[in-house]
Amino acid sequence: MTKVEIYTITLSDSKTSTKIKLEQEITDKLYKAMFLKFPNYIHEAPPKDTYGDIVKVYAKEEKSQWSGNSKYGRVNGVIVVGRDRDKELAFSNADKLKTNAGKKEKGISVDKRHYFDIIFPLNKSTAFLVLEKTDGKSYKKHIFSLLKKYIPTIQPGLKVEFEKFVEKDLIINFLGNGDYSRLEFIRKEVPSDSMTRYLGDYKNKGKYTVKTAIISEDDTDFPDELKQELVDAVENKQTYFSIPQLEQLGFEEGNTSLKIISEYKGNKRTIDLSDTMKIQPTYEIDLEVEEDGFVDYSKMRKEVNKLIQSFDLDIL
């Protein structure tokens, strides 16, 4: 199992801020430069452009995992981010005694691979960027930095802006018509004097975070009334939905957030609803990791295809 984030990319004139439509000429130009020259640009990028980390295109058996499809203005591949080269790290074996397995000296990076996918759809107003979160870590700051500098070298005078992709109508379907498997309520900054039901008479001056997870088992679903309440809250931009049972447990207005795992039309989403009801979805890719601990590139590309097609955006 792995996860991806999706961002939209808007290109605009740096002087007038006028948005640039992805017409044939500019789309072809962007695609060719991304496919043919961006890997070298990544390899040659100075540390100041990658936050001091090492960033490179992954090659397996001397063959780069990097491909393109001119029909859709799409380029994808595997990008490596090497971190912690300024640290000397020790390693342990996973045996009973947890024995020493050596160490990494300073100057050597710990490499993590991430799937990368960018689409410049013809005659659309935005491009799309798919980034894998490996071991829960994103590399968006690295790729944002590189693309903001690289794209203006392809077409001078462009400004590049990113926004997190949220398809509200689709999320509403996941909330209203999906099959929930988990609800997690998170109450932050609970005063110690409110923790008696959990900690007994123990007192201190600190604060706590309380999480309550409700998990459906044996194909049990959640009530339609709750789903409709969540849909109404998002549609009406409410800051809180009232659930008396949770209020009794200390989940109060303004301090509670909610995460939902829902499946709709064969796709699963984790939807994060903060106390301001801002939708912040992550997208799960149901793939087993290979022997090396990472997902297979070709399998990942196929699953990302399915995910993007499920949005029904007419870009693939």
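The values are calculated or read from the model by the stated rules, or taken from the named source; none is laboratory data. What you see is a predicted model, and the numbers here were worked out from it, not measured in a lab. Cβ coordinates were reconstructed from backbone atoms using ideal geometry, including for glycine residues, and neighbour counts include every protein chain displayed. Accessible surface areas use protein heavy atoms only, side chains included; no ligands, DNA or RNA. Shrake-Rupley method; radii C 1.70, N 1.55, O 1.52, S 1.80 Å.
Based on the Cβ-Cβ distance from GLU88 to SER194, what FRET efficiency comes out when R0 is 35 Å, to the nearest 0.05? The formula returns an efficiency of 0.20 here. Applying 0.36 nm per residue to the separation of ASN305 and LYS96 and subtracting their alpha-carbon distance, the gain on full extension is 71.0 nm. A straight chain from SER298 to GLU229 at 0.36 nm per residue would run longer than the Cα-Cα distance by 20.8 nm. For the chain, the longest principal axis of the alpha carbon atoms and the long axis of helix 24-36 meet at an angle near 90°.
A simple spin-label model places the labels of GLN24 and LYS265 3.1 nm from each other, with each point 7 Å out along Cα-to-Cβ.
If R₀ is 41 angstrom, what is the calculated FRET efficiency for the pair VAL110 and GLN155, using the beta carbon separation as r and rounding to 0.05? In this case the efficiency is close to 0.70. Dividing the Cα radius of gyration of the chain by its Kirkwood radius returns 1.02 for Rg/Rh. Over all pairs of different C-alpha atoms in region 65-168, the reciprocal of the mean inverse distance, the Kirkwood hydrodynamic radius, equals 16.7 Å.
Any chance you could give the angle, 0 to 90 degrees and rounded to 10, that helix 297-310 forms with the longest Cα principal axis of the chain? Helix 297-310 and the main axis of the chain meet at about 70 degrees. For the chain, the solvent-accessible area with a 1.4 angstrom probe is 57 square angstrom per residue. Just report the Cα centroid separation between region 283-304 and region 72-94, whole Å. Result: 16 Å between the Cα centres. Cα centroid separation, region 6-41 to region 194-236: 44 Å. Remark on ILE285: its backbone amide H falls under 5 Å from those of THR2, LYS3, VAL4, a criterion applied only to residues 5 or more positions apart or on other chains, H modelled at 1.01 Å from N. Mean residue ellipticity at 222 nm, helices only, the chain: -7500 deg cm²/dmol; runs of at least 4 DSSP H residues each add -39,500 (n - 2.57), and the sum is divided by the number of residues.
Quantify, in whole percent, the carbon and sulfur part of the accessible surface of the chain (1.4 Å probe; protein heavy atoms only). It is 46 percent, rounded to a whole number. Rounded to the nearest 0.05, what FRET efficiency do SER17 and LYS164 have when you use their Cβ-Cβ distance and R0 = 25 Å? E(calc), rounded to 0.05, equals 0.75.
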